[in-house]
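Let me begin by presenting the structure, written as structure tokens, before commenting on it.
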Amino acid sequence: MGTTINPSTGVITSTENGENSLTVTVRAIHTTTKGYDITAETSFTIKKRVYPIESESSLVGSDTIDKTLTEYKWESNTANITGDYIVEWVLGGTAFEQGYLSINSSDNSKCVIRRIKTSMEDIPANLSMKMTKRVNGDVVMYLIKDIVVPNYIAVQEALNPKLMSVIHAAGLSTNPDFITMTEARALTATDMEGVFVGTNIETFYELEYFTGLLEIPIHCFKDCSSLTGLKIPTTVTTLKSEAFFGCS
């Protein structure tokens, strides 16, 4: 710390440039007209600024970006923090570079990431937080967290057009080009009744993502003569009668 005193006024000025607290003794000397010196002194402590410790800090938030907005925070023991600092948040990785993610808002305590578009596969990204001292720019800590934009699509029209056509025609998806994981997981056996009977779907391996299903309903895939393969979700415990009657 740099500490100076104005000898005329006694005003003490301290700047933040040290790592330790220190004790300062101030002595005032008054010389009388008769040449006698009268002294008085006092001591006080100038305390160092206290900043968060990197080893005791962490970035907290979801490992996956599965919502439009996802919040991240840094956590540390801040009870005795006196230092003035600046926090900078930076997105990186493939998901950021390809335009899937952006920083929606940020401040010294948190960062909110916006998912801009959905993905057809898991895409990696990372979020870093750099804390610097406001007084001189020295780095206090640097934290980084790996995150993923998950595969958001259960069935895609471009890859399975016949299946997607049936799904959308039955009102099971909002978009004609795909059904999202959220939509797929929300469907129950009741929703699936009668939807696929007699249709020309050929494969339904994506059925494994429909984890809201506890059973394959009666006649679910009856007379789907072109159906050659599917993958039943692990949540299904019951196959109702004639669920696959008339399949190839």
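Read-outs throughout are calculated quantities, based only on the coordinates presented, and are distinct from any laboratory measurement. Just so you know, these numbers come straight off a predicted model, no measurement behind them. For neighbour counting, all protein chains shown are included, and Cβ atoms are generated from backbone atoms with ideal geometry for every residue, glycine included.
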For the stretch 46-121 and the stretch 142-163, distance of Cα centres in Å: 23 Å
Cβ-based charge dipole, the stretch 106-227, positive-most Cα from MET141, SER165, PHE196: MET141
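If you count the DSSP beta bridges with both ends in the stretch 153-239, what percent of them are antiparallel, to the nearest 5? Don't jump to the answer; show the numbers that get you there.
On the way: 4 of 8 bridges.
Rounded to the nearest five, the antiparallel share is 50 percent.
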Given the rule -39500 (n - 2.57) for each run of at least 4 DSSP H residues, summed and divided by the residues of the chain, what is its mean residue ellipticity at 222 nm, to the nearest 500 deg cm²/dmol? -2000 deg cm²/dmol
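Using the structure shown, list the pairs from LYS117/LYS240; LYS110/LYS231; LYS117/LYS222; LYS67/LYS130; LYS67/LYS240; LYS47/LYS145 with a Cα-Cα distance above 30 Å, or answer none. If you can, show how the numbers build up before the last one.
Details: LYS117/LYS240 38 Å; LYS110/LYS231 41 Å; LYS117/LYS222 36 Å; LYS67/LYS130 25 Å; LYS67/LYS240 35 Å; LYS47/LYS145 33 Å.
Result: LYS117/LYS240; LYS110/LYS231; LYS117/LYS222; LYS67/LYS240; LYS47/LYS145 exceed 30 Å.
Please give me the summed charge of the neighbours of THR64: other residues whose Cβ is under 12 Å from its Cβ, Lys and Arg +1, Asp and Glu -1.
Numbers: positive: LYS67, ARG115, LYS145; negative: ASP63, ASP66, ASP122, ASP146.
Once all neighbours under 12 Å are counted, the net charge is -1.
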Residue-count net charge about SER225 - beta-carbon cut-off 15 Å; Lys, Arg +1, Asp, Glu -1: -1
Quick one: 3J(HN,Hα) in Hz for the stretch 210-227, Karplus 6.51/-1.76/1.60 with θ = phi - 60°, rounded, Gly and Pro as x. 7, 7, x, 7, 9, 8, 9, x, 4, 6, 3, 10, 4, 6, 8, 5, 8, 6
Once you list every other residue whose beta carbon is under 10 Å from the beta carbon of SER128, what net charge do they have if Lys and Arg are +1 and Asp and Glu are -1? +1
Only four residue types carry charge here, +1 at the Cβ of Lys and Arg and -1 at the Cβ of Asp and Glu. Report the dipole size of the stretch 153-239 about the Cα centre in Debye, rounded to the nearest 20. 100 debye
Nearest 20 debye, what's the magnitude of the dipole of the chain about its Cα centre given +1 on Lys and Arg Cβ and -1 on Asp and Glu Cβ? 1000 debye
Candidates [x] 213; [y] 152; [z] 127; which is the computed volume of the Cα convex hull per residue in Å³? [y]
